[in-house]
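What follows is one structure encoded as structure tokens, with my remarks underneath.
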Amino acid sequence: MLASIDVLLDERECPPMGKGARLRRDRAEKREQEAARPMQGLFGLQPQGGPFGAAPRWKQPSSPDEAIRQMAQFMQSMPRLIVCGRLDMEPLTEVQRHGLLSGINLFDALETVARLQGQWDVAFTTDQRPDIVEAEFLGAGNGKACQRARKRVTEHHDLLVSPRATAQLQREIIESASVEGAAEAIDRNTLVHILLSITSEQNSVPGFAGDVPTPEEIAKVEREMPKDNLEELLEYARKFIPDEVASNLFNMPAKYEMVLSNTYDLWFAPWVEKSKTTGLGATPAEAFKIGTGVELLDLLRLGHRIVKRSSGDHQVRFTRDELVADGVSDAAIDYLINHMALTLEGYKKALAADREAGDTTHQRFTFTKYPFIAVDGSTIVMIRHQWAMERLCGATLYHEAWYNLSTQSRGLGDRFKNAMNEAFEVFVGGILHRIAAKGKGIQKIVDEAEMQAAWTEQKGKMPSVCDWMLLGEGHCVVIDATNHAVKADAAQGLATFEEFAADIDKIYVEGKFKQLLSTIDLAKKHGGWDGDVVNDDTNFVPLVVIPDTGVPTGIITNFDITERGRKVFQHLQPHVYPAGLITVSDVQLLEGMADFALSLPQGPRDDRNMMKLLAGWRHAVISQGDSSLQIFLHRRGFPLPLSRHILVNSRKVMKLLDAS
């Protein structure tokens, strides 16, 4: 299958180009790059000029206290979720919400919320504006809740939509609303009041009387907070980590171009040569067919049709006839209905099981596994645009294949899991090699196999080294990758901090961090690599690349992991940056920045050095609390460009999927 897909892509994408065609292509790519700067409306930062087209908006802090104040000011400058108290309204209790929903039409309310969340997902990940989506939604209502909330959105830039809250609203609609034909459509003002009440409930703080803390309550918290000892402060803050982890995993949508590009890179490339893939075909896509009985390309085509209709027309209800007429196979539709959708009764049972499992605030796996309700054998209703896109085209395809292969044979499932982990490492390596090839300041990249071959001193005893080492500008960046997601209970807010921390210590502190340290020791012992000196004056940057389903980069979570890493690497001070985790999407953002740097005119004072950018971010992790590369760039007014690789890749895949 791989060869046939590559031929199709080559035929559609690579005909001989004349000058006019090349100019049109370049203009199209420029437009796509402009559109690939998402979330500027959310953070309110615009590119200003200077290095990489941005000027610093912050003053370098002179002390830890000042750094904390700056981070607090940054957090306060971000839009806040609207809760009832900010509108001088009382939140509705869950019992009151049930009473209001019991008499309204279930599918009318469910589809109204799904359209709002879908428009928000699209706006959040493109050059559209989520605040306009929210203002237009609120403008359709005439009551107090709509009018006051719209004023908060338009004048204060606060946020109506929180994916956690809309999911809980959909949960309560499915549990409580009516399917009777005579049931009325829900009033927009009532719907908004219910949504705001859920937001208030989810963001309530123990010890606070209402959803907006009073100055006295804030002062009490500040008095109780440890101030003199960093370790005590971290211990105090750690109780918030389970909520932060689950919230961040719940709320962040992905760009469609990135989803398609990643799926193509991971699923349609040949298996890694060293992988044991007996019974799994030549590619992960063939393994998917072996496990599920459906062609992955057919499922992607179905997802592409649904995503296009949802993005363009805000459609959330789909029929078999219209999808078949649009070039989708019956087999793909059958698979969706049988494996990615539940009937209404099936959904009610699944949501009841969620309630039995514990607090539903962060529970999303029922929704992500079944992002559709099957109205009948020919009609489906989409719960959320983002979850449908990921289920049909993105990361959750892995779980579909692994489960079905494991059902056939435990050994087959284990081989698939291990082979996909190795494919993830190759995928990350491809990104890093492209960054090294075009990023100023990176002199060379060294792979694990090269280090092992050069540094093995005893036959049959391989040294412990990481996956990659980047060298340049007096820096040595040691990087390892692991395809390790947050465990299910922690991802849904059902785990304790101790359970979460045990996984962090096992996988990262005792595992990956020790491997990075071993690589640093070996690099120093051998004096560097091929003319690039590594010694006691070299500055080291230890990083672990994780999937986007791995530990999210929340501020408190980041400080906790940084502190754990400090104890491993502290003997290298002052020549080591904070050890940490970087999501694969942040690595891809780094590649986008390398492409963006090359696209700008180079002035004599411009220093678009990728090694300095990376080191600057890792310094800011401690000095300003910039837990992710995205936050680091946002605070400085940088763009968030997609890489040329993602733009070209996704465009190829879209052309292939657009064909019948």
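Some notes on this structure:
- Rg/Rg_globular for the range 395-449, with Rg_globular taken as 2.2 N^0.38 Å and Rg from C-alpha atoms: 1.60
- Taking all protein chains together and rolling a 1.4 Å probe, LYS239 ends up with roughly 130 Å² accessible.
- Surface accessible to a 1.4 Å probe, per residue, for the residues of the range 78-192, Å²: 41
- Residue-averaged 222 nm ellipticity for the chain, from DSSP H runs of 4+ at -39500 (n - 2.57), nearest 500: -18000 deg cm²/dmol
- Which of ARG148, ARG301 is most accessible, then next, and so on - probe 1.4 Å: ARG148, ARG301
- For THR379, the solvent-accessible surface computed with a 1.4 Å probe is close to 20 Å², ligands and nucleic acids excluded.
- Of the solvent-accessible surface of the chain, computed with a 1.4 Å probe and all protein chains present, 52% belongs to carbon and sulfur.
- Count Lys and Arg as plus one, Asp and Glu as minus one, and take only other residues whose Cβ is under 11 Å from that of ASP489; the net charge is then -1.
- Dimensionless Rg over Rh [the range 252-294; C-alpha; Kirkwood]: 1.07
- Probe 1.4 Å, accessible area per residue of the range 450-511, Å²: 46
- In units of the compact-protein estimate 2.2 N^0.38 Å, the range 599-660 shows a Cα radius of gyration of 1.58.
- Qualifying GluC sites (Glu not before Pro) for the range 439-491 [loop in DSSP, other Cβ within 10 Å: at most 13]: GLU457
- The Cα atoms of the range 94-237 give a gyration tensor whose axes a ≥ b ≥ c have a/c of 1.5 or more with a/b greater than b/c, which makes the shape prolate.
- Rolled with a 1.4 Å probe across the full set of protein chains, the surface gives VAL621 an accessible area near 0 Å².
- At most 16 other Cβ within 10 Å, DSSP loop - trypsin sites (Lys or Arg not before Pro), the range 416-474: LYS459
- With 22 Å as the limit on Cα-Cα distance, the pairs of LYS417/LYS444; LYS274/LYS655; LYS512/LYS567; LYS255/LYS369 that go past it are LYS417/LYS444; LYS274/LYS655.
- For the residue pairs LYS276/LYS506; LYS289/LYS506; LYS289/LYS487; LYS276/LYS612, alpha carbon separations beyond 32 Å are given by LYS289/LYS506; LYS276/LYS612.
- Spherically averaged projected area of the convex hull of Cα atoms, the range 456-588: 9.2 nm².
- With protein chains left intact and a 1.4 Å probe, residues in the range 310-365 average 47 Å² of accessible area per residue.
- Of all DSSP beta bridges confined to the chain, the antiparallel ones make up roughly 55%.
- Neighbours of ILE218 by Cβ distance under 14 Å: Lys/Arg scored +1, Asp/Glu scored -1, total -3.
- Within the set (1) 79, 65, 55; (2) 98, 54, 37; (3) 74, 57, 48, the number that Cα extents along the principal axes in Å takes when calculated for this structure is listed as (1).
- The accessible-area ordering, largest first, of the residues PHE638, PHE569 stands as PHE638, PHE569, per a 1.4 angstrom probe.
- Share of alpha-carbon pairs per 10 Å distance bin for the range 95-146, given as whole %: 22, 41, 30, 7
- Reachable lysines from LYS144, criterion Cα separation under 17 angstrom, eight or more residues apart if same chain: none
The values are calculated or read from the model by the stated rules, or taken from the named source; none is laboratory data. A quick note: this is a predicted structure, and the numbers were derived from the prediction, not measured. Methodologically, a virtual Cβ is constructed for each residue, glycine included, from the backbone with ideal geometry; neighbour enumeration extends over all protein chains shown. Just the protein is used for accessible areas: all its heavy atoms, side chains included, with ligands, DNA and RNA removed. Shrake-Rupley method; radii C 1.70, N 1.55, O 1.52, S 1.80 Å.
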